[in-house]
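The structure appears below as structure tokens.
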Amino acid sequence: MKALRWHGKKDIRCDTVPDPQIEQPRDAIVKVSSCAICGSDLHLFDGFMPGMEPGDIVGHEFMGEVVEVGKGNSALKVGERVVVPFTIICGECEQCKRGYFSVCERSNRNRDAADKLFGHTSAGLFGYTHLTGGYAGGQAEYVRVPFADKTHVKIPEGLSDEQVLFLGDIFPTGWQAAMQCDIETTDTVAIWGAGPVGQMAIRSAVLLGAKQVISIDCVPERLAMARAGGAVTIDFEEESVLERLNDLTRGKGPEKCIDAVGMESHATRSIDSIYDRAKQAVMLETDRPHVLRDDLCVPSCRHAVGAGCLWRTHRQDSIRRIDEQGTDLAQGANARQPLDR
Ligand SMILES: [Zn+2]
Ligand SMILES: [Zn+2]
């Protein structure tokens with residue numbers, strides 16, 4: 001099969017590799033019909049994440065058709081369409097039982113290394129370093145899905161790939177940020193970053209009834225997409241973010257703030273963001289606190305959250321909104337390419 005493989009910093013190639021096989025009774029093999037590139041893939045591409053080995057297959061946002069099922073997997077049948085979320089979950093450990101699926105205790109087969117580096121392991125992840133299990137990812141024609149009886153979202157008939165693909169990561173990530181804001185109908189919600197997660201957070205805040213949603217970025221295409229999703233936009237290259245936020249809220253500032261800025265995002269020209277960039281260049285930090293400082297300068301915002309993902313907690317609600325209420329996630333897609341382009 002064809003698959004995208006990491007060979008080193010800024011070196012990802014489309015290679016021919018052996019097809020995956022069933023290895024454990026709960027596995028399934030999925031023939032990938034669509035996959036997406038995540039901002040987190042840039043961390044691998046740019047060499048920010050340790051634990052990659054040359055030849056690793058990347059990709060953790062994908063969906064497709066089940067073509068083979070292990071003997072111990074009665075939850076899936078050949079021919080069913082599924083979205084495969086990026087966190088691999090056993091469904092049985094203490095954390096899974098509590099609903100904290102992103103820290104499943106059993107799915108990271110290299111958990112000792114992750115414990116040592118991070119303090120505690122995350123769940124196993126597709127296509128995302130040997131520290132999270134070293135599992136082959138979904139930017140490929142076929143994927144082996146471990147614990148597939150739990151690690152899937154079945155897709156109701158009649159929904160296209162574009163409508164549901166983003167359930168694998170970015171929609172629940174943006175949705176969770178908006179949910180954690182406890183949005184009320186009188187709220188203005190300001191969202192820093194209009195990349196994929198920011199776009200999903202905008203649409204989620206609109207769905208949850210915010211009075212006004214403000215998107216902050218500097219890329220014209222992203223700002224246009226944000227306006228199409230219902231946001232008022234601020235271009236931070238052209239105008240003062242704090243002044244515009246005050247103007248748009250009659251001096252009060254937004255009630256809720258969401259940080260959806262990616263690690264490789266373009267810094268502003270402010271002194272503090274240059275300081276952040278310098279620290280990141282020498283690996284002294286993993287994220288940009290510039291947005292958090294902005295949040296704290298906004299007068300009424302005492303409710304700032306970052307985007308993170310507990311996909312399983314939100315999946316039924318998400319599917320229902322897409323299927324019954326016509327929520328359109330396809331707006332978040334901007335190009336479709338074959339794997340070898
Ligand atoms: Zn992702
Ligand atoms: Zn578990």
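Every number here is computed from the coordinates shown, using simple stated rules; none is lab data. Just so it is clear, the model here is predicted, and its values are computed rather than measured. Note that we place each Cβ from the backbone using ideal geometry, even for glycine, and neighbour counts take in every protein chain shown.
Tell me the GluC sites (Glu not before Pro) within the range 177-245 that lie in a loop according to DSSP and have at most 14 other beta-carbon atoms within 10 Å. Spell out each step's value before the answer.
On the way: sites: Glu184, Glu221, Glu237, Glu238, Glu239, Glu243; in loops: Glu184, Glu237, Glu238, Glu239.
For GluC sites (Glu not before Pro) across the range 177-245 that sit outside H, G, I, E and B with at most 14 neighbouring Cβ atoms in 10 Å, the list reads Glu184, Glu237, Glu238, Glu239.
Pairing the Cα long axis of helix 196-207 with the longest principal axis of the chain, what angle in degrees results, from 0 to 90 and rounded to the nearest 10? Approximately 70 degrees, to the nearest ten.
Listed here are the pairs Lys71/Lys97; Lys10/Lys116; Lys211/Lys252; Lys10/Lys31; which of them are more than 19 Å apart at the Cα? The partial results should precede the final answer.
Details: Lys71/Lys97 24 Å; Lys10/Lys116 27 Å; Lys211/Lys252 14 Å; Lys10/Lys31 27 Å.
Over 19 Å Cα-Cα: Lys71/Lys97; Lys10/Lys116; Lys10/Lys31.
Taking the charge dipole of the chain about its Cα centre, with +1 at Lys and Arg Cβ atoms and -1 at Asp and Glu Cβ atoms, the residue from Ala210, Ala28, Ile170 reaching farthest to the positive side is Ala28.
Computed over the chain, the percent of Cα pairs more than 34 Å apart is 25. Compute the long axis of helix 271-281 from its Cα atoms, compare it with the longest principal axis of the Cα atoms of the chain, and write down the angle in degrees, 0 to 90, nearest 10. Helix 271-281 and the main axis of the chain meet at about 20 degrees. Angle of helix 170-180 to the longest C-alpha principal axis of the chain, folded into 0 to 90 degrees and rounded to 10: 50°. Among Ser204, Ser33, the ranking by other beta carbons within 10 Å of each residue's beta carbon, starting with the fewest, stands as Ser33, Ser204. Within straight-line reach of Lys9, meaning a Cα separation under 17 Å, sit the following aspartates and glutamates at least 8 residues removed in sequence or on another chain: Asp41, Asp46, Glu53, Asp56, Glu264. The Rg/Rh ratio for the range 2-165 is 0.95, where Rg is the radius of gyration of the alpha carbons and Rh is the Kirkwood radius. With unit charges on the beta carbons (Lys and Arg positive, Asp and Glu negative) and the dipole taken about the Cα centre of the chain, which residue among Gly91, Ala190, Phe101 sits farthest to the positive side? Going by the Cα projections, it comes out as Gly91. Between amide H atoms placed 1.01 Å from N, distances below 5 Å from Gly124 occur with Ile88, Ser107, Asn108, all of them 5 or more places distant or on a separate chain.
Each residue of the range 88-102 was assigned a 3J(HN,Hα) from its phi angle through the Karplus curve 6.51 cos²θ - 1.76 cosθ + 1.60 (θ = phi - 60°); the sequence is 8, 10, 7, x, 10, 6, 4, 5, 4, 5, 7, x, 8, 5, 5 Hz, with glycine and proline shown as x.
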